[in-house]
Amino acid sequence: MKFVGTVITSNFPPSPTTSNFSFVITNDEPIPVRKGQYVQINTEDGLLLGMIQEIIKTNRFYSHAEYVKEYERGGQPLTSIFPCDRWDMLIATAKPLGVFSNGFFDKVSFPPSPGERVYVADDEVLVDLLGLDLEHGLYLGNLRFHDVSVSLNMTRLLQKHLAILAMSGSGKSYLASVLIEELLSRKIESGRVAVVVIDVHGEYSSLANKPDKDVHSGLSDKVTVVKSSFVQFATPLISNRWFGAFQPEMSPIQVRELGKIITEMRREYREKSYSLQDLLIRIENDSKIPQRTREAMLGWLYELEDTRLFGTEETPDLENIVKAGHAVILDLSEATSLRKKQLIVSYIGSRLFGLRRRGAIPPFTMILEEAHQFCPQARQELAISQSIIEQIAREGRKFYAALCLISQRPVRLSTTVLSQANTHIMLRISNPNDLDTIKASSEMITSETAAMISSLPVGEALIVGSAINFPLFVKIRKRYTKESTYEANLEQAAKTFEQSTSPDIK
């Protein structure tokens with residue numbers, strides 16, 4: 001074990017206590033420890049583990065600005081007069097996480113004593129402390145400042161839902177791609193789930209491309225990309241209440257009358273399918289419906305017909321395309337209308353959840369990019385897709401239907417949905433409102449932790465929640481598959497465009 005320092009007493013804040021302790025760093029290495037690193041202390045209760053929250057550099061010779069100014073007025077540095085270098089000190093403050101004793105892990109109920117020696121945490125102890133699953137877990141990267149693989153148990157990470165939160169350009173889609181690679185790489189004996197990705201900007205289609213190297217070349221064969229222009233809803237599967245969800249402005253009377261028509265249609269078309277146009281014709285010719293109700297109903301349904309999403313058969317056939325160990329990527333980048341995107345998410349989500357409850361498809365994870373567009377916080381922005389997303393968030397755990405929410409604006413994401421995501425993976429976030437929302441959604445995020453989130457470099461993330469026992473910082477591993485063109489920088493994108501349009505330009 002690497003010895004780094006000794007516990008000391010402190011008045012501001014008072015320590016050591018059960019919630020914090022300070023230690024003077026006595027290791028002579030240039031950088032013996034770093035903020036966010038784990039340390040351990042042998043105490044009376046057992047092996048105490050803690051995380052470094054802050055590191056302070058101090059020197060008594062430089063503690064009074066007026067003295068330093070006066071001594072150096074003549075142009076001579078203070079070091080030429082006094083042995084200043086000998087009084088350089090590093091003091092670290094740390095948060096106790098827990099205590100190992102007799103093979104069990106418990107909360108800290110008694111502080112460490114001043115004078116006790118502090119060591120860098122042992123790797124094996126960290127694996128147990130954090131609750132990592134090195135044998136069957138999803139390998140996302142490496143623990144920052146420690147030689148430990150961050151492999152998370154799939155059940156703990158996904159069954160109670162996951163949220164990936166970060167500002168634009170921080171690497172959230174890259175992290176999601178790494179997660180998808182891990183899910184597709186799993187063996188049958190480890191347990192596999194189906195993956196459905198709602199890809200708003202077309203960032204995940206590159207998962208279907210074969211990599212340059214043979215390593216993990218089989219992953220591309222497990223990915224199916226479906227463009228939004230090929231998505232079609234099966235009209236016979238849609239109930240009157242479902243139509244009412246698609247058109248929230250429809251009155252209860254209109255929804256009830258529509259239900260009578262749909263019941264008749266299903267009885268008549270028992271052996272064949274029917275389209276939305278067939279339903280519209282039936283409504284137009286039904287004289288039993290009051291005229292005002294019929295006209296309003298037709299108006300709402302013709303709006304849906306104009307989306308060209310409704311047909312006689314379902315495309316893609318979700319019951320057959322959603323398979324364990326495979327991913328279906330719904331590329332919505334060609335759809336310019338947010339309402340159309342919400343309709344697709346509403347239909348796909350409802351069908352997946354319904355099929356899963358009947359056991360017709362395997363357990364699945366639905367990865368929802370730009371989640372705040374489909375389940376916003378403000379009630380006045382109520383989205384067509386909001387109801388089914390909130391239902392999966394509330395009830396999905398019982399049916400092994402998991403959500404992975406991805407958003408760059410947590411403050412705009414429904415708190416109902418965000419609160420159901422028991423694990424948060426956060427990359428860099430600098431907006432104070434977003435940070436406040438995240439702090440409110442997880443009791444494990446302190447003010448100090450939130451400050452660390454705002455300074456994270458690209459490709460590093462903080463994980464908190466039920467997937468692990470304590471918060472951890474991870475450096476995300478490199479992807480196996482080809483990166484999306486969205487991950488190229490601006491200069492490269494500009495050069496590629498000109499070279500493709502004007503090959504002679506140098």
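The values are calculated or read from the model by the stated rules, or taken from the named source; none is laboratory data. Just so we're clear, the structure is a prediction, and the values are computed from it rather than from any experiment. Glycine also receives a Cβ, built like all others from the backbone with ideal geometry; neighbour counts cover every protein chain displayed.
Quick check on the range 65-78. Is at least one of its residues surrounded by 13 or more Cβ atoms within 10 Å (Cβ to Cβ) and in contact (Cβ under 8 Å) with a residue 12 or more places away in the chain? I'd like the intermediate steps shown before the answer.
To start, the set of residues in the range 65-78 that are surrounded by 13 or more Cβ atoms within 10 Å (Cβ to Cβ) comprises 68, 71-72, 78.
Narrowing the set further to residues that are in contact (Cβ under 8 Å) with a residue 12 or more places away in the chain leaves 78.
Yes, because at least one residue in the range 65-78 is surrounded by 13 or more Cβ atoms within 10 Å (Cβ to Cβ) and in contact (Cβ under 8 Å) with a residue 12 or more places away in the chain.
Of all residues in the range 152-172, which are surrounded by fewer than 21 Cβ atoms within 10 Å (Cβ to Cβ) and touching a helix residue (DSSP H, G or I) at 6+ places or on another chain (Cβ under 9 Å)?
Just the residues of the range 152-172 that are surrounded by fewer than 21 Cβ atoms within 10 Å (Cβ to Cβ), to begin with: 153, 155-156, 160, 167-169.
Once the filter is applied, which keeps residues that are surrounded by fewer than 21 Cβ atoms within 10 Å (Cβ to Cβ) and touching a helix residue (DSSP H, G or I) at 6+ places or on another chain (Cβ under 9 Å), the range 152-172 yields Lys160, Met167.
Among (1) modelled with pLDDT of 90 or more; (2) within 35 Å of the chain's Cα centre (by Cα), there is one condition Phe104 misses while meeting the rest; what is its number?
Going through (1) modelled with pLDDT of 90 or more; (2) within 35 Å of the chain's Cα centre (by Cα) one by one, Phe104 breaks only (1).
Determine if the range 112-135 includes at least one residue that is within 33 Å of the chain's Cα centre (by Cα), under 25 Å from Leu427 (Cβ atoms) and of a type in the set (Ser, Thr, Tyr). Give the derivation first.
In the first step, residues of the range 112-135 are kept if they are within 33 Å of the chain's Cα centre (by Cα); the result is 119-135.
Imposing the further condition that a residue be under 25 Å from Leu427 (Cβ atoms) reduces the set to 121, 123, 126-127, 129-134.
Of the ones still in play, those that are also of a type in the set (Ser, Thr, Tyr) are none.
No, because not a single residue in the range 112-135 is within 33 Å of the chain's Cα centre (by Cα), under 25 Å from Leu427 (Cβ atoms) and of a type in the set (Ser, Thr, Tyr).
Could we say that Gln277 is surrounded by 16 or more Cβ atoms within 10 Å (Cβ to Cβ) and of a type in the set (S, T, N, Q) here?
Working: surrounded by 16 or more Cβ atoms within 10 Å (Cβ to Cβ): no; of a type in the set (S, T, N, Q): yes.
Against the criterion (surrounded by 16 or more Cβ atoms within 10 Å (Cβ to Cβ) and of a type in the set (S, T, N, Q)), Gln277 does not qualify.
So, in the range 146-196, exactly how many residues are of a type in the set (A, V, I, L, M, F, W, C), over 13 Å from the mean Cα position of the chain (by Cα) and farther than 19 Å from Glu135 by Cβ? Let's see the steps before the verdict.
If we filter the range 146-196 for residues that are of a type in the set (A, V, I, L, M, F, W, C), which is where we start, we get 148, 150, 152, 154, 157-158, 162-167, 175-176, 178-180, 183-184, 188, 193-196.
Filter once more, keeping what is over 13 Å from the mean Cα position of the chain (by Cα): 148, 150, 152, 154, 183-184, 188, 193-196.
Retained after the next criterion (residues that are farther than 19 Å from Glu135 by Cβ): 194-196.
Count: 3.
Just checking, how many residues over the range 230-250 are more than 29 Å from the chain's Cα centre (by Cα) and closer than 13 Å to Lys340 by Cα?
Here the count works out to 1.
Determine, yes or no, whether Ala440 is farther than 27 Å from Gly202 by Cα and either over 17 Å from the mean Cα position of the chain (by Cα) or at pLDDT 95 or above (or both). Even if it seems obvious, please write down each step before you answer.
Working: farther than 27 Å from Gly202 by Cα: yes; either over 17 Å from the mean Cα position of the chain (by Cα) or at pLDDT 95 or above (or both): no.
In short, no.
Of all residues in the range 350-399, count the ones that are acidic (Asp, Glu), in a loop (DSSP other than H, G, I, E, B) and without any contact (Cβ under 8 Å) to a residue 60 or more places away in the chain. Walk me through it before giving the result.
Let us first name the residues in the range 350-399 that are acidic (Asp, Glu), namely 369-370, 381, 390, 395.
Going one step further and asking which of them are in a loop (DSSP other than H, G, I, E, B), we end up with 369-370.
Within this subset, residues satisfying the condition of being without any contact (Cβ under 8 Å) to a residue 60 or more places away in the chain are none.
Residues in the range 350-399 being acidic (Asp, Glu), in a loop (DSSP other than H, G, I, E, B) and without any contact (Cβ under 8 Å) to a residue 60 or more places away in the chain: 0 in total.
Suppose we keep only residues that are touching a strand residue (DSSP E or B) at 6+ places or on another chain (Cβ under 7 Å) and among the hydrophobic types (A, V, I, L, M, F, W, C) within the range 6-28. Which one would you say is nearest to Pro96 (Cα to Cα)?
Applying the filter and picking the extreme gives Phe21.
Condition first: surrounded by fewer than 16 Cβ atoms within 10 Å (Cβ to Cβ), farther than 18 Å from Val196 by Cα and not hydroxyl-bearing (Ser, Thr, Tyr). Now tell me which residues in the range 219-263 satisfy that.
Within the range 219-263, Leu237, Arg241, Pro248, Glu249, Pro252, Ile253, Arg256, Gly259, Lys260 qualify.
Residues in the range 334-345: is at least one part of a loop (DSSP other than H, G, I, E, B) and not polar (S, T, N, Q)? Walk me through it before giving the result.
Filtering the range 334-345 for residues part of a loop (DSSP other than H, G, I, E, B) gives 334-337.
In the following step, the residues that additionally are not polar (S, T, N, Q) were identified as 334-335.
Yes: one or more hits.
Given the conditions (1) modelled with pLDDT of 95 or more; (2) of a type in the set (Asp, Glu); (3) touching a Phe, Trp or Tyr at 6+ places or on another chain (Cβ under 8 Å), which single one is not true for Glu203?
So Glu203 meets the others, but not (1).
Condition check: in the same structural domain as Leu343 (by TED's automatic domain parsing) and in a loop (DSSP other than H, G, I, E, B). Does Ser206 satisfy that?
Numbers: in the same structural domain as Leu343 (by TED's automatic domain parsing): yes; in a loop (DSSP other than H, G, I, E, B): no.
Considered against the rule, which asks whether it is in the same structural domain as Leu343 (by TED's automatic domain parsing) and in a loop (DSSP other than H, G, I, E, B), Ser206 comes out as no.
Output the residue which, of all residues in the range 447-471 that are polar (S, T, N, Q) and in contact (Cβ under 8 Å) with a residue 12 or more places away in the chain, is nearest to Gln408 (Cα to Cα).
Keep residues of the range 447-471 that are polar (S, T, N, Q), which gives 447, 449, 454-455, 466, 469.
Next cut, in contact (Cβ under 8 Å) with a residue 12 or more places away in the chain only: 449, 454-455, 466, 469.
Values: Thr449: 18, Ser454: 13, Ser455: 16, Ser466: 22, Asn469: 25 Å.
Checked the range 447-471; the qualifying residue nearest to Gln408 (Cα to Cα) is Ser454.
Go through the range 415-446 residue by residue and tally those that are without any contact (Cβ under 8 Å) to a residue 24 or more places away in the chain and among the acidic types (Asp, Glu).
1
A quick yes/no check of all residues on (1) more than 30 Å from Thr18 (Cα to Cα); (2) assigned to a helix (DSSP H, G or I); (3) not assigned by TED's automatic domain parsing to the domain that holds Ile392:
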| site | (1), (2), (3) |
| --- | --- |
| Phe110 | no, no, yes |
| Pro114 | no, no, yes |
| Asp128 | no, yes, yes |
| Phe145 | no, no, yes |
| Thr155 | yes, yes, no |
| Ser168 | yes, no, no |
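Name the one entry in Gly46, Gly75 that is of a type outside the set (Asp, Glu) and more than 25 Å from Glu124 (Cα to Cα).
Every option except Gly75 fails the conditions.
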